[in-house]
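Asks: Handing you this structure, nothing more for now.
The values are calculated or read from the model by the stated rules, or taken from the named source; none is laboratory data. Note that the structure is predicted; figures quoted are calculated from it, not measured. Neighbour counts run over all protein chains shown; Cβ positions are idealised from the backbone, glycine included. Each accessible area value is taken on the protein alone, full model and side chains, heavy atoms only, with ligands, DNA and RNA left out. Shrake-Rupley method; radii C 1.70, N 1.55, O 1.52, S 1.80 Å.
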Amino acid sequence: RRLVLHRIVRIQGEHFVLKGDANTWLDSDKPTQAEIVGRTWIHLPVGGGILAWLRTPINAAIVAGIFGLLAFGGAANRRSRRNRLRRGRKDAPPRRAPIPEPQAGYGRLAPLGGAAGGAIGAIVILVFALSRPASVERTEEIAYTHTGDFTYSAEASPSQAYEADVKTGDPVFVRLAPVVDVGFEYRLDSQIPAALSGTIGLSAELQDGAGWRRRIPVTAPVPFRGMSTTAEGTIDLRRVNELLRDVERDTGIGRPSVILRLFADVHLRGKVGGAPIDERFVPNLPFELEPLMLRLYDPVGDAPPTEALRPTKQGTATVVRDEPNRIPLPGLRFDVAGARAASAVAVPLFLLALALTSRSALRLRPRSESERIRQRHARRIVPLYRTDHLSAQATVDVTSMEALVRLAETYERMVMQIDREDVDEYLVEGDVVVYRYRVAKPLDEDAAVGEAG
């Protein structure tokens, strides 16, 4: 028993649908579990699609580039954090946390939002792609052609009638060439591969204008395999004439000539492009046989029927192709298998990016009102270590940091910050008074500042 190694592309009931990797069509044979050699070892729903997608150099380069950017971004982020801590320890007084970089609104949250949006989009595409089949069956009519070539020849006795032996197209004079060698070369012309076998045989048939017929075997059917074959045999014209004389003697009817048809009988079985076929191709080559001569029969009388020497017959096979299913989008079309593979790769990448950006966002999130103030108004705040020149001025407390910032804008002054034991003071020096906004420190801020320093 011959084993065939083909890919299982899907399961239909209790049968497996197979496809050769080099073929564009599905196999018509659908074996059952009992006919499958081997067993399932591991099942990854989109693993094959991912590997096929990564085999493309551009896709592999994209994935490698994304990993490289993530690794580079993480390293750069760690270096930047270390540098800020070093600057804080060098420039600030003891127990003074470094002032963060000014924030452009929610600019620092943009990577977090992008990663979250990308992860959600990739998950949606993955779920949608998994809900659709990766491939669809489409039927296509494939044309093929049965083609044959009739030939005949004979060894002629030396005479003035023939300069050489008889060849295809020549008249055959029975006295000089009584035995004729006949042949038929068959082939199937197809643009797609075919696996064929069958039988081929030759026979002749005598007939007259009154409807009388008589079949004469030439060669028995012989088996063949492949898309081409040849059959050869001989016809003894003397015996054929003897048969005709016997028929005339028995019937009393003379026949000046009869039609002798040479039949080629090709019975073909197999598959064309995976589609099964079972057909017969039975062309014939007509001759006119007189008692002393055999020649190609031409009912018109103008020229020998050369078209009959090369008969053809058209055929079609219904091929079931396994084509990639596509996701229709406005102006774009994506393969479901490609979308599965791409989204399966993109989901973990976006989740990794989301984890990294979330960690960064949580690290940048202010833990107290003082930190929120420094993040929002860092460019306007300057630390103040001595307050001697302010002690003689009256102090007015304001209710919010925003009010203090508006006063700073009005007087075109900077906001001064004093880091005291239990509070942070923000001051704006006016013309006659000092405006102040005080923020109490949380109980654990000292520990947090100590860790940062």
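Asks: How would T234, T168 line up by accessible area, probe 1.4 Å, largest first?
Replies: T234, T168
Asks: Sequence-distant or interchain residues sharing an amide H contact under 5 Å with F334, placed H: which?
Replies: Amide H to amide H, under 5 Å and 5 or more residues apart or across chains, F334 pairs with I327, L329.
Asks: Along the Cα-to-C-beta direction of R438, a point sits 7 Å from the Cα; which residues of the stretch 368-412 have their amide N less than 13 Å from that point?
Replies: 395-399
Asks: Treating cross-link reach as a plain straight distance, find the aspartates and glutamates whose alpha-carbon is under 13 Å from the alpha-carbon of K30, omitting any fewer than eight places away in the same chain.
Replies: E14
Asks: Let me ask you something else. Treating only the Cβ atoms of Lys and Arg (+1) and Asp and Glu (-1) as charged, compute the dipole magnitude of the stretch 120-186 about its Cα centre; round to the nearest 20 debye.
Replies: 440
Asks: Pulled fully out, how much extra length does the chain show between R413 and L351, if you take 0.36 nm times their separation in residues and subtract their Cα-Cα distance?
Replies: Gain on extension, R413 to L351, equals 17.8 nm.
Asks: Send over a whole-number figure in Å² for the accessible area per residue of the stretch 221-268, probe 1.4 Å.
Replies: Value returned for the stretch 221-268: 59 Å² of accessible area per residue.
Asks: Given R₀ = 35 Å, what would the calculated FRET efficiency be for S153 paired with T316, taking r from the Cβ atoms and rounding to 0.05?
Replies: According to the calculation, E is roughly 0.50.
Asks: Dipole size in debye (nearest 20) for the stretch 200-281 around its Cα centre, Lys and Arg Cβ +1, Asp and Glu Cβ -1?
Replies: With Lys and Arg at +1 and Asp and Glu at -1, about 120 debye.
Asks: With a 1.4 Å probe and all protein chains left in place, how much accessible area per residue does the stretch 395-439 have, in Å²?
Replies: Per-residue value: 52 Å².
Asks: Another question, then. Just order 213-221, 427-435 by mean Cβ neighbour count inside 10 Å, highest at the front, would you?
Replies: Going from most to least packed, we get 427-435, 213-221.
Asks: Compare M293, M414 by solvent-accessible area with a 1.4 Å probe and give them largest first, with all protein chains kept in place.
Replies: M414, M293
Asks: Which order do I11, I235 take by accessible area at a 1.4 Å probe, largest first?
Replies: Per-residue accessible area, sorted high to low, gives I11, I235.
Asks: Could you check how much of the accessible area of the stretch 230-286 is carbon and sulfur, as a whole percent, using a 1.4 Å probe?
Replies: 46
Asks: Could you run the Karplus curve 6.51 cos²θ - 1.76 cosθ + 1.60 with θ = phi - 60° over the stretch 416-432 and give me ³J(HN,Hα) per residue in whole Hz, x for Gly and Pro?
Replies: Karplus values, whole Hz, x for Gly and Pro: 9, 10, 10, 8, 9, 4, 10, 9, 10, 10, 10, 10, 10, 7, x, 6, 10.
Asks: F334: accessible area at probe 1.4 Å, nearest 10 Å²?
Replies: 100
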